[in-house]
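Trainee: Here you go, one structure.
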Amino acid sequence: MSKLGIIINGLIKENPTFVLLLGMCPTLGTTSSAFNGMSMGLATMVVLILANIVISAIARFIPDKVHIPCYIVVIAGFVTLVQLLLKAYFPEVDKSLGIFIPLIVVNCIVLGRAESFACKNGVIDSACDGIGIGLGFTIALTILGACREFLGTGAIFGLNIMPENYGALTFVLAPGAFITLAYLSAVFNKLFNK
Amino acid sequence: MSYIIMIIAAIFVNNIVLAQFLGICPFLGVSKKVDTAAGMGMAVAFVMLLATLVTWPIYYYVLVPYELQFMQTIVYILVIAALVQMVEIILKKSMPSLYSALGVFLPLITTNCTILGVAINVINFEYSLLESAVYAVATAFGFSLAMILFAGIREQIEVSDVPKGMKGTPIALLIAGLLALAFMGFSGIDNTLKVMFNIG
């Protein structure tokens, strides 16, 4: 598969949110606005790319029996890195994403890609896979966040589109997350998986 | 009394699945039958209590004195992974009946974000050890409640006529959304109770 093919594969055919349904907790928990969704997606993407690169490089040296704990340590290391960077440079983002940043460790997307792709492929291919899946995740989260923000407050990325009092607050709160994702994945199914 | 309010808040008001969005993967994944949902709920309750009781002292007696709080994520996930493995081995030897009941769910729990989430939450909320234990058990009950309700509805959906595009996950998510909507009806009762009994 070409490098571009790997990236596109992650974007559409194996889109982590709409097709594989992995990493649902941050998907639902952080998409109360388009900006929050995007920052969560980007944070996960950074971890995903770095973890994919390192795991694909060291996979050969890890005994088979302990490979999962080893992968988790690598992932947790990068998550801590991202967490500290966010705390230092983007304290606002860190505050609004809260507990979901440390929980990237248990995001099934990251461990899933390590298990199913990075440990069998080269460093560059794995980096591409990380970019593709990460972008797919980021785009999905941004779309979901934008839909919820628009339906809930009439704004996208904080920009007011509709008049002041427009919006059903439910979509920003918990139930809206489930309902919006339900319809979005139905639409995605219709468009791409016939 | 404050413990009772905390339990009510953790089960109904801030339900871990329907209000905090933790543990969605098992919530969607193993909720096709009521039996399996209950089994998963039991396994989570067991591990959650244990994990909280182990990680709380580690944080306050190891990480804080040596100023290693930034290592929290790494240490916690390793401790939880090891703990789950150990529970599996011990149960297999000493309580085979419980092991076969929890069986397949135990390994899944390592990557269940509720466990790590609660372990981190009790630190963020600055709970004492006893409060943490109560919070963990109550949260696990909330998780089981949501799972069992959801599984019950899904069993009915299996036999009903769902539009083609909505089959599978979309309809499941929609049900979860309606459940969350129902649980929103509980919001605020913890504060009302606090005012009623004069607890800060």
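The values are calculated or read from the model by the stated rules, or taken from the named source; none is laboratory data. Here the structure is a predicted model, which is why all the values come from computation and not from measurement. Note that each Cβ is placed from the backbone with ideal geometry, even for glycine, and that neighbours are counted across all protein chains shown. All accessible areas refer to the heavy atoms of the entire protein, side chains included, with ligands and DNA or RNA removed. Shrake-Rupley method; radii C 1.70, N 1.55, O 1.52, S 1.80 Å.
Trainee: Go ahead and collect, in residue order, the members of segment A:114-130 whose backbone nitrogen is under 17 Å from a label point 7 Å along the Cα-Cβ direction of A:ASP64.
Mentor: Flagged as within label range: A:115-117, A:119-121.
Trainee: On a 1.4 Å probe surface of the protein chains, which of B:MET196, A:MET45, B:MET95 comes out largest in accessible area, and what is the full order?
Mentor: B:MET196, B:MET95, A:MET45
Trainee: Which entries of A:LYS120/B:LYS92; B:LYS32/B:LYS93; A:LYS65/A:LYS95; A:LYS3/A:LYS120; B:LYS32/B:LYS164; A:LYS120/B:LYS33 have Cα-Cα distances beyond 26 Å here?
Mentor: Distance filter (> 26 Å) returns A:LYS120/B:LYS92; B:LYS32/B:LYS93; A:LYS65/A:LYS95; A:LYS120/B:LYS33.
Trainee: Shifting gears a bit: In bins 5 Å wide, starting from 0, what share of all Cα pairs of chain B does each bin hold, as a percent?
Mentor: 1, 7, 15, 17, 18, 15, 12, 8, 4, 2, 0, 0
Trainee: Just read off the accessible area of B:SER100 with the full protein assembly in place, 1.4 Å probe, to the nearest 10 Å².
Mentor: So the heavy atoms of B:SER100 present about 90 Å² to solvent.
Trainee: Would you calculate the separation in nanometres between label points at A:GLU164 and A:LYS190, each defined as 7 Å from the Cα along the Cα-to-beta-carbon direction?
Mentor: Result: 3.6 nm between the two label points.
Trainee: Now for a separate question. Given 20 Å bins starting at zero, what is the percent of C-alpha pairs of the protein assembly as shown in each, up to the one with the largest pair distance?
Mentor: 26, 61, 12, 0
Trainee: Let me ask you something else. Exactly which chymotrypsin sites (Phe, Trp or Tyr not before Pro) in segment B:10-68 are in a DSSP loop and have at most 16 other Cβ atoms within 10 Å? Intermediate results must be reported in sequence, preceding the final value.
Mentor: Working: sites: B:PHE12, B:PHE21, B:PHE27, B:PHE46, B:TYR59, B:TYR60, B:TYR61, B:TYR66; in loops: B:PHE21, B:TYR66.
Of the chymotrypsin sites (Phe, Trp or Tyr not before Pro), the ones in loops of segment B:10-68 whose Cβ has at most 16 other Cβ atoms within 10 Å are B:TYR66.
Trainee: With a 1.4 Å probe and all protein chains in place, put B:ARG154, A:ARG148 in order of accessible area, largest first.
Mentor: B:ARG154, A:ARG148
Trainee: Tell me, what % of the accessible area of segment A:22-186 is carbon and sulfur with a 1.4 angstrom probe?
Mentor: 72 percent
Trainee: In addition: Given just the C-alpha atoms of segment A:22-186, how large is their convex hull per residue in cubic angstrom? Working shown, then result.
Mentor: Working: hull volume 18.6 nm³, N = 165.
Residue-normalised Cα hull volume stands at 113 Å³.
Trainee: Which of the helices in chain B, when you take each full DSSP H run, stretch at least 15 Å along the axis at their Cα atoms and have an average Kyte-Doolittle score of -1.0 or higher?
Mentor: B:34-58, B:72-94, B:113-124, B:129-158, B:169-184
Trainee: Under a point-charge model restricted to the Cβ atoms of Lys and Arg (+1) and Asp and Glu (-1), what is the dipole moment magnitude of the protein assembly as shown relative to its Cα centre, in debye to the nearest 20?
Mentor: On the way: 19 positive and 18 negative charges, 159 e Å.
Roughly 760 debye for the protein assembly as shown.
Trainee: Can you pull the percent of chain B's accessible area that's carbon plus sulfur, 1.4 Å probe, other chains left in place?
Mentor: The nonpolar share, carbon plus sulfur, comes to 68 percent.
Trainee: On a C-alpha basis, how far is the centre of segment B:51-82 from the centre of segment A:1-63 in Å? Whole number, if you could?
Mentor: Comparing the Cα centres of segment B:51-82 and segment A:1-63, I get a distance of 27 Å.
Trainee: Calculate, for the protein assembly as shown, the solvent-accessible area per residue in square angstrom, rolling a 1.4 angstrom probe over the heavy atoms of the protein chains.
Mentor: Here the residues of the protein assembly as shown average 46 Å² of exposed surface.
Trainee: Nothing charged except the Cβ atoms of Lys and Arg (+1) and of Asp and Glu (-1): what's the magnitude of the dipole of chain A about its Cα centre? Round to the nearest 20 debye.
Mentor: That gives a dipole near 360 debye.
Trainee: Sticking with this one: List the residues whose amide H sits under 5 Å from the amide H of A:ILE156, counting only those 5 or more places along or on another chain, with H placed 1.01 Å from N in the peptide plane.
Mentor: A:ILE161
Trainee: Sticking with this one: Enter the buried accessible area of the B/A pair, total of both sides, probe 1.4 Å, in Å² rounded to the nearest 100.
Mentor: Buried surface at the B/A interface: approximately 2900 Å².
Trainee: Going through segment A:81-172, which GluC sites (Glu not before Pro) have at most 15 other Cβ atoms within 10 Å and a DSSP loop state?
Mentor: Working: sites: A:GLU92, A:GLU115, A:GLU149, A:GLU164; in loops: A:GLU164.
Passing sites in segment A:81-172 are A:GLU164.
Trainee: Shifting gears a bit: What does the helix-only formula give at 222 nm for the protein assembly as shown: each DSSP H stretch with n ≥ 4 adding -39500 (n - 2.57), the total divided by the residues, and the result rounded to the nearest 500 deg cm²/dmol?
Mentor: Result for the protein assembly as shown: -21500 deg cm²/dmol, rounded to the nearest 500.
Trainee: Toward the positive end of the charge dipole of the protein assembly as shown, about the Cα centre and with charges on Cβ (Lys, Arg +1; Asp, Glu -1), which of A:TYR166, B:ILE171, A:VAL93 goes farthest?
Mentor: B:ILE171
Trainee: Just to confirm the filter: which chymotrypsin sites (Phe, Trp or Tyr not before Pro) across segment B:96-195 are DSSP coil and have at most 12 other Cβ within 10 angstrom of their Cβ?
Mentor: B:PHE125
Trainee: Moving on to the next point. Can you pull the accessible area of B:ASP161 for me, 1.4 Å probe, Å² to the nearest 10?
Mentor: Roll a 1.4 Å probe over it and B:ASP161 shows about 150 Å².
Trainee: Sticking with this one: When chain B is treated as a GNM, springs tying every alpha-carbon pair under 10 Å, which of B:ALA180, B:ALA140, B:ALA151 comes out with the largest mean-square fluctuation?
Mentor: Evaluated over chain B, the most mobile residue of the options is B:ALA180.
Trainee: Now for a different question. Among A:ASN107, B:PHE70, B:ILE123, whose Cα sits farthest toward the positive end of the charge dipole of the protein assembly as shown (+1 at Cβ of Lys/Arg, -1 at Cβ of Asp/Glu, about the Cα centre)?
Mentor: Sorting the options by dipole projection puts first A:ASN107.
Trainee: How long are the three semi-axes of the equivalent ellipsoid for segment B:36-120, computed from the Cα gyration tensor as the root of 5 times each eigenvalue, in whole Å, largest first?
Mentor: Taking √(5λ) for each eigenvalue gives 26, 13, 9 Å, largest first.
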